[in-house]
Amino acid sequence: MRKQLLSPFVPFLMFFLYSYTSLAQTPSPAPSGPTNITAILEKAGQFTTLIRLMKSTQEADQINTQLNNSNQGLTVFAPTDNSFSSLKAGTLNSLSDQQKVQLVQFHILPSFLSMSNFQTVSNPLRTQAGNSADGEFPLNVTTSGNQVNITTGVNTATVANTIYTDGQLVVYQVDQVLLPLDLFGTAPAPAPAPSKPEKDVPAKAPAGSKEDASVDASGASIATVSFGAVLIAAISLKI
């Protein structure tokens, strides 16, 4: 009898328990607040070097200000820590503060580009580092199916995956640091050729040298002979 009374309530009891368990396992939504690029990268992990560069150059604050105070979209290419580790030793330390700013800005596009946008975008792309038309910061995109490659004129990186997107900001993980042509593509100036030694010019004989003395002596001899001849001629005339 009890089983018959409880049987209609069993499905409702199971549904209640399932709903309660599902609600308990659902994470609470993240607190609403302004977009923060470094917080996004920190949550994704493996972007410590990029975060440090963004903070030291104050580009992180610039990105957050643009996103939270305007409707301007941004696209960020984020190299992993392994990508920075693969650079030649001392590469980052060799850059000036201004060059580090340009390096970070070279990874930022002043517009929102979804993966499908890369199929139709016009090259070269303009980055925050400056207009690429002058050849200093060219950035070109090529696609092959779903693969997106980014060429800088120095190296080529591939978009690995999408870290974050909200319709205004999109962050893509790339497998290499994007190296701008203006900073890394200039060949070192050749060493100056050694100067040729000047030919030795014989020094002029100083005044009063033996050559001058011999000239003077020969002149004196000629004068003495001339005077003697004149004297003999005069005596002859008197006789």
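Residues in the range 70-89 that are in a helix (DSSP H, G or I) and not small (Gly, Ala, Ser): Asp81, Asn82, Phe84. Note on the range 100-119: residues that are in contact (Cβ under 8 Å) with a residue 60 or more places away in the chain and loosely packed, with under 15 Cβ neighbours inside 10 Å amount to 0. Checked across the range 120-132, the condition of being open to solvent by less than 40 Å² (accessible area, probe 1.4 Å), modelled with pLDDT of 95 or more and either in contact with a Ser or Thr (Cβ under 6 Å, 6 or more places away or on another chain) or not in a helix (DSSP H, G or I) (or both) holds for no residue. In the range 90-99, the qualifying residues are those that are in a loop (DSSP other than H, G, I, E, B) and not hydroxyl-bearing (Ser, Thr, Tyr), and the one that is least open to solvent (accessible area, probe 1.4 Å) is Leu95. Suppose the filter is at positive phi, surrounded by 11 or more Cβ atoms within 10 Å (Cβ to Cβ), modelled with pLDDT under 90 and of a type outside the set (Lys, Arg); does Gly145 pass it? So Gly145 does not fit the description; no. With respect to being among the aliphatic types (A, V, I, L, M) and without any contact (Cβ under 8 Å) to a residue 40 or more places away in the chain, Val141 fits the description. Checking each residue in the range 58-81 for being β-branched (Val, Ile, Thr) and open to solvent by 20 Å² or more (accessible area, probe 1.4 Å) picks out only Thr65. Kindly evaluate Leu67 against the criterion of being part of a helix (DSSP H, G or I) and closer than 19 Å to Tyr164 by Cβ. Yes, satisfied.
The number of residues in the range 44-57 that are open to solvent by 40 Å² or more (accessible area, probe 1.4 Å) and either assigned to a loop (DSSP other than H, G, I, E, B) or of a type in the set (Val, Ile, Thr) (or both) comes to 2. Do we find a residue being in contact with a helix residue (DSSP H, G or I) (Cβ under 9 Å, 6 or more places away or on another chain), surrounded by fewer than 19 Cβ atoms within 10 Å (Cβ to Cβ) and modelled with pLDDT of 95 or more anywhere in the range 158-167? The answer is yes, given that some residue of the range 158-167 is in contact with a helix residue (DSSP H, G or I) (Cβ under 9 Å, 6 or more places away or on another chain), surrounded by fewer than 19 Cβ atoms within 10 Å (Cβ to Cβ) and modelled with pLDDT of 95 or more.
The values are calculated or read from the model by the stated rules, or taken from the named source; none is laboratory data. Computed from a predicted structure; not experimentally measured. Backbone-built Cβ (ideal geometry, glycine too); neighbour counts: all protein chains shown. Only protein heavy atoms, including side chains, enter the accessible area calculation; ligands, DNA and RNA are left aside. Shrake-Rupley method; radii C 1.70, N 1.55, O 1.52, S 1.80 Å.
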